[in-house]
Amino acid sequence: MRRLIPACLVIALGVLTGAPAFAAEKQPREEVAFIRSSGETFSLDRSVRKQLDAAAARVAAQDGRRIIMIEGGARRRGSDEERARNSLNLAMMAEKYLRRSHSLSRDILLAAAPETGKGREFIRILTLSDDFTAVHVSRAGTSSQP
């Protein structure tokens, strides 16, 4: 038992000293674009299309191991459910435009922005670290068949 305690301490120290280097490598969330409409209501007008076109080049340049997420933020009056639905519609509108106009074929997550408050509607394009890329599955023994 006394031999086990120093071994555990050495392992714990190795894990703790390696953790900051690993955490510095990962960028959990990086904003690629933040797009606001020039008018009161959000539509795919010329300025929004230009901003999405610029964002498409930045999305295409992203590492393929990062996850692309488009958030919509609707600020129209109504219930929380209506705002969430309108926010998702904004995100879907941006996704359709990017896929149609720029042949974007990567998987994209759509989300309603969590912020609340007043202001103009927006679309935000983010990249997220793929935490599952570090997961390795090993198999021991034989699998049982039902």
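The values are calculated or read from the model by the stated rules, or taken from the named source; none is laboratory data. Please read these numbers as outputs of a predicted model, since none were measured by experiment. Positions of Cβ are generated from backbone atoms using ideal geometry, with glycine treated the same way; all protein chains shown enter the neighbour counts. Just so you know, the surface numbers come from the protein's heavy atoms only, side chains and all, with ligands and any DNA or RNA stripped out. Shrake-Rupley method; radii C 1.70, N 1.55, O 1.52, S 1.80 Å.
Before moving on, here are some points about what is shown:
- Looking only at residues in segment 89-146 that are aromatic (Phe, Trp, Tyr) and either more than 22 Å from residue 30 (Cα to Cα) or surrounded by 10 or more Cβ atoms within 10 Å (Cβ to Cβ) (or both), the one that is modelled with the highest pLDDT is 97.
- Test: residue 110 is in contact with a Leu (Cβ under 7 Å, 6 or more places away or on another chain), assigned to a helix (DSSP H, G or I) and farther than 19 Å from residue 38 by Cα: no
- Restricted to segment 8-44, and to residues there that are among the small types (Gly, Ala, Ser) and open to solvent by 60 Å² or more (accessible area, probe 1.4 Å), the residue that is modelled with the highest pLDDT is 38.
- Search result, residues across segment 72-87 that are surrounded by fewer than 18 Cβ atoms within 10 Å (Cβ to Cβ) and either assigned to a helix (DSSP H, G or I) or touching a residue at least 60 places away in the same chain (Cβ under 8 Å) (or both): 80, 81, 82, 84, 85
- Summed over segment 45-71, the residues that are in a helix (DSSP H, G or I) and either under 13 Å from the mean Cα position of the chain (by Cα) or farther than 14 Å from residue 35 by Cα (or both) give a count of 3.
- Residue in segment 45-61 that is open to solvent by 40 Å² or more (accessible area, probe 1.4 Å), among the polar types (S, T, N, Q) and modelled with pLDDT of 85 or more present: yes
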